[in-house]
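Colleague: Please find one structure pasted underneath; my questions will follow.
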Amino acid sequence: MSAVHSRPDLDALVAEIRRCRICRDAPRGAPLPHEPRPVVRARASARLVVSGQAPGTRVHASGLPFTDPSGVRLRGWMGVTDEEFYDETRVAVVPMGFCFPGQDAKGGDLPPRSECAPAWRASVFAALPDVELVLAVGRPAQRWHLGEDAGSSLTEAVMDWRRILNRAAPPRVLPMPHPSWRNNAWLRRNPWFDADLVPELRRLVRDAIAR
């Protein structure tokens, strides 16, 4: 059987993911305390993947990824319009956890559910044959996509973006901080991110989605 025919049917896979209730019905640890609402966008033609953490409260309500201030900042970093970002024939959004994981006692979002990545990510990426660039947004995505190259911290990984971007194994991966307001202090401490990485990010994104 050819490699093309052995790829999963991505449309069917996305539909299956959107029906997933594993974090409620067969959880690792405590079940998700609310009704799952998996959020994922992907078409087989996509050349760019945004790999973030998990939906927040606004995305859980809308069912559309990055419909919040973090999304506004992310699209600004990428240099894309809303229409370009939500064109799933060009841009796939595949978070580490597809469902809003809930919040901790301080009101911050909990980490992505541990059930999602082992159950789905390998199949999703096997069904995305044309991906050229993955934006690894936040620490969980960096660990999954980079392995040992993720280093010991988010700052270490993002500072090493040039070497990571030019690794031999495709697709190319660009490590990034999460665009949440909670990272404002990190952005102030690391002005090189806006000065050096963001312009290259915009060039890479434009090259990927223009084809």
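The values are calculated or read from the model by the stated rules, or taken from the named source; none is laboratory data. Keep in mind the model is a prediction, meaning the values are calculated, not measured. For neighbour counting, all protein chains shown are included, and Cβ atoms are generated from backbone atoms with ideal geometry for every residue, glycine included. Accessible surface is based on the protein model in full, side chains and every heavy atom, while ligands, DNA and RNA are left aside. Shrake-Rupley method; radii C 1.70, N 1.55, O 1.52, S 1.80 Å.
Colleague: Could you list, ordered by first residue, the pairs with Cβ atoms under 6 Å in which the first is in segment 160-184 and closer than 18 Å to Val50 by Cα and the second is small (Gly, Ala, Ser) and assigned to a helix (DSSP H, G or I), at least 6 apart or interchain?
Modeller: Final answer for the pair search is Pro175/Ala157; Pro179/Ser70; Ser180/Ser70.
Colleague: Looking at segment 107-149, which of its residues are in a helix (DSSP H, G or I), under 19 Å from Arg37 (Cα atoms) and touching a helix residue (DSSP H, G or I) at 6+ places or on another chain (Cβ under 8 Å)?
Modeller: If the condition is that a residue be in a helix (DSSP H, G or I), under 19 Å from Arg37 (Cα atoms) and touching a helix residue (DSSP H, G or I) at 6+ places or on another chain (Cβ under 8 Å), then Cys116, Ala117, Ala119, Trp120, Arg121, Val124 are the ones that fit.
Colleague: Sticking with this structure for a sec: Assess whether Val173 counts as being in contact with a strand residue (DSSP E or B) (Cβ under 7 Å, 6 or more places away or on another chain) and open to solvent by less than 10 Å² (accessible area, probe 1.4 Å).
Modeller: Yes, satisfied.
Colleague: Please state which one of Arg58, Arg73 is under 23 Å from Pro199 (Cα atoms) and not in a loop (DSSP other than H, G, I, E, B).
Modeller: Arg73
Colleague: May I ask you to say which residue of Arg37, Arg43, Arg28 is within 17 Å of Met96 (Cα to Cα), out of contact with any Gly (no Cβ under 8 Å at 6 or more places or on another chain), in a loop (DSSP other than H, G, I, E, B) and open to solvent by 60 Å² or more (accessible area, probe 1.4 Å)?
Modeller: Just one listed residue meets the conditions, Arg28.
Colleague: Follow-up question, since we're still on this one. When you scan segment 94-107, do you find a residue that is surrounded by 14 or more Cβ atoms within 10 Å (Cβ to Cβ), among the small types (Gly, Ala, Ser), at pLDDT 95 or above and farther than 19 Å from Arg172 by Cα, even just one?
Modeller: Going through segment 94-107, the residues surrounded by 14 or more Cβ atoms within 10 Å (Cβ to Cβ) turn out to be 94-102.
Okay, now just the ones that are also among the small types (Gly, Ala, Ser), so 97, 102.
Okay, now just the ones that are also at pLDDT 95 or above, so 97.
Filter again for farther than 19 Å from Arg172 by Cα, leaving 97.
Scanning segment 94-107, I find at least one residue that is surrounded by 14 or more Cβ atoms within 10 Å (Cβ to Cβ), among the small types (Gly, Ala, Ser), at pLDDT 95 or above and farther than 19 Å from Arg172 by Cα, so the answer is yes.
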